[in-house]
1. Among bridges DSSP assigns within the chain, what percent are antiparallel (round to 5)?
2. Just to compare against my own numbers: the Cα pair-distance distribution for the stretch 420-483, 5 Å bins, whole % per bin, please.
3. For Ile530, which sequence-distant residues (separation of 5 or more, or a different chain) have an amide H within less than 5 Å of its own amide H, given hydrogens modelled in the peptide plane?
4. Which pairs break 24 Å Cα to Cα here: Lys134/Lys199; Lys191/Lys401; Lys191/Lys538?
5. Please list, ordered by chain and number, the residues whose modelled amide H lies under 5 Å from the amide H of Ser296; skip anything fewer than 5 residues away on the same chain.
6. Between Arg355 and residues 5 or more places away or on another chain, which pairs have amide H atoms under 5 Å apart, with H built 1.01 Å from N, and which residues are they?
7. With angles folded into 0 to 90 degrees, how steeply does helix 424-437 sit against the dominant principal axis of the chain? Use alpha carbons for both and round to 10.
8. With only alpha-carbon atoms in the gyration tensor, what are the semi-axes of the equivalent ellipsoid for the chain, in Å, largest first?
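FYI, it's all coordinate maths here, none of it is from the lab. Everything quoted here is computed from the prediction, not taken from an experiment. FYI the Cβ positions are ideal-geometry reconstructions off the backbone, even for glycines, and counts take in every protein chain you see.
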Amino acid sequence: MKKIIFYLSALLIMGLPSCKKWETEPKDRVLISDVFDPTDKEAIQAKAYLFGIYSLLPTGFNRINGDFLDAATDDAVPSSERSNVSFFTNGQLTAVNYPDNNWFNSYSLVRRCNVFLKNIDVVPVSDTLIKQYKAEARFLRAFSYFELLKRYGGIPLIGDEVLDLDSDINIARSSYADCVNYIASEVDAIKGDLPLGSKITTTDFGRANTEAALALKCRLYLYAASPLFNGGGVATDAQKKILTGYPDYDASRWDRVIQAAEEIISKGYYKLPAGTGTATYRNVFTTKINTDIIFSKQSANSTGLEAASAPVGYVAPAASNGRTSPTQDFLNAFPNQNGSPYEGNVTTLSQYQNRDPRLNAIIFYNGVQWLGRAVETFEGGRDKPNRPYQVQTKTSYYLRKFLGDFTNGTTYSNQSHNFPYFRYAEVLLNYAEALNETGRTEDAAKQVFLVRARAGITAGSNARYGIPAGINQDHLRQIIKNERRIELSFEEHRFWDIRRWKDIQNLPAQLTGLTLDNSSGSIVIAQKEIAPFKFELKNYYMPIPFSEIQKNSKLIQNEGYF
């Protein structure tokens with residue numbers, strides 16, 4: 001009996017130290033009412049929530065398990081043998097083996113935007129600021145819907161609804177046309193409530209502006225007017241054809257691209273930065289604020305990209321990983337410095353001379369100076385040592401784009417590496433493509449002149465930067481495609497461009513690189529096949545993740561996937 005009394009007394013002492021009630025929820029839990037606080041006159045918590053939505057945007061650099069998405073195109077291959085970015089090119093892409101699963105992340109962002117829009121009105125700041133905050137959230141939501149649309153075609157549109165655990169999540173996919181109209185209407189509704197790019201302060205750089213919204217609409221319309229989506233879908237099922245594009249071709253869809261591009265250009269703030277050549281092009285990506293970058297992913301200055309991309313023989317201060325191996329196919333795309341196509345011998349080191357100056361800003365090749373020594377990508381060289389299990393270049397090339405200029409010096413220093421979502425150069429090339437498709441070929445050529453001039457292509461006696469006088473529509477179409485390939489390389493355009501153009505089936509079945517043999521003391525170069533490029537028609541669209549198909553009974557999978 002005494003023992004029982006003792007245990008009861010101990011329980012009372014330890015378990016009931018006072019008359020306070022038990023905690024029913026964690027004291028440090030942040031509630032919606034804490035974030036959207038009617039007494040927060042500076043909107044500190046609400047802005048923190050909004051900035052957190054920006055952080056959910058796609059990361060860009062090396063985001064496919066350490067690799068660029070462009071390593072799943074004809075421009076590059078992953079240096080590692082174990083990279084799942086190869087699923088896109090080796091026939092292993094399925095609704096389960098899908099390394100670019102954007103579905104969950106995009107809908108998480110959409111939900112956060114809807115929470116923000118539902119609650120921001122209680123925060124006691126000016127009506128002007130409330131309008132801007134709402135416009136930013138709606139822009140981010142529209143951007144996320146476009147990221148879904150370009151992958152899957154039509155997707156479920158949630159509107160302003162905030163789904164919770166009790167909501168019916170069985171929501172059908174909207175048609176491709178309805179999704180395009182919705183995203184465009186969102187841009188039109190908010191563009192006047194966003195600040196112009198010229199009004200963005202250094203402190204607020206990275207937040208959405210009017211031109212960013214217009215650039216989104218310009219790209220949206222560019223994709224919608226392109227062959228895959230403009231009546232050229234590959235689905236055989238009528239319902240899926242409506243989900244993955246317009247069922248019929250309409251040439252007037254190109255006019256919408258022109259109008260959006262001209263609206264951006266008319267604002268007058270964004271332009272190609274002054275200067276020409278390698279350094280000018282390189283500085284676009286290492287100068288945090290410049291007039292080419294309309295909207296970009298913000299990140300702290302670092303040496304992370306240098307460590308990820310630079311040739312493997314450098315240790316500055318940690319080992320470089322050389323993750324990306326650009327192909328010889330990509331090198332062949334660079335024109336001569338006078339703008340004419342390169343048709344020389346690819347098995348000589350002279351191929352790098354008198355070429356488009358952007359080549360030296362984008363590619364490491366054997367002999368290039370870096371950190372005070374020459375890059376060695378010959379067999380057994382310091383940057384292709386051929387050690388067992390060594391991750392190294394498969395092509396004799398490494399990716400230099402986005403890195404700081406470390407031609408000299410002995411170590412890396414922190415650099416700005418903001419991933420560009422929208423650039424003025426892209427707007428000009430969108431504009432050129434649409435003008436050409438509407439028969440305004442000479443007007444289109446003038447936009448390419450601007451991009452090539454900044455690149456450092458020589459004007460020539462006729463000031464046409466290598467583009468022939470009297471060029472026809474088809475010939476200029478090929479030049480514009482090639483110009484996008486170079487100018488926008490490794491910015492996640494090539495992967496989607498070759499799909500929207502329906503060009504994948506025209507790519508080489510084998511990608512190529514070089515072998516540099518220095519055993520005799522004089523380099524002998526041979527071209528070699530380094531990776532197959534497998535493609536099926538279903539790969540024009542991405543598979544909706546199998547887990548989402550299982551959760552939502554109304555979701556229709558894209559054709560060819562299960």
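1. Roughly 95 percent of the beta bridges in the chain run antiparallel, per DSSP.
2. For the stretch 420-483, the pair-distance distribution reads 4, 19, 32, 26, 14, 5, 1, 0.
3. Leu511, Thr512, Gly513
4. Working: Lys134/Lys199 18 Å; Lys191/Lys401 32 Å; Lys191/Lys538 36 Å.
With Cα atoms farther than 24 Å apart: Lys191/Lys401; Lys191/Lys538.
5. Placed amide hydrogens put Tyr421 under 5 Å from Ser296.
6. Correct list: Gln337.
7. With both axes taken from Cα atoms, the answer is about 70 degrees.
8. 44, 31, 25
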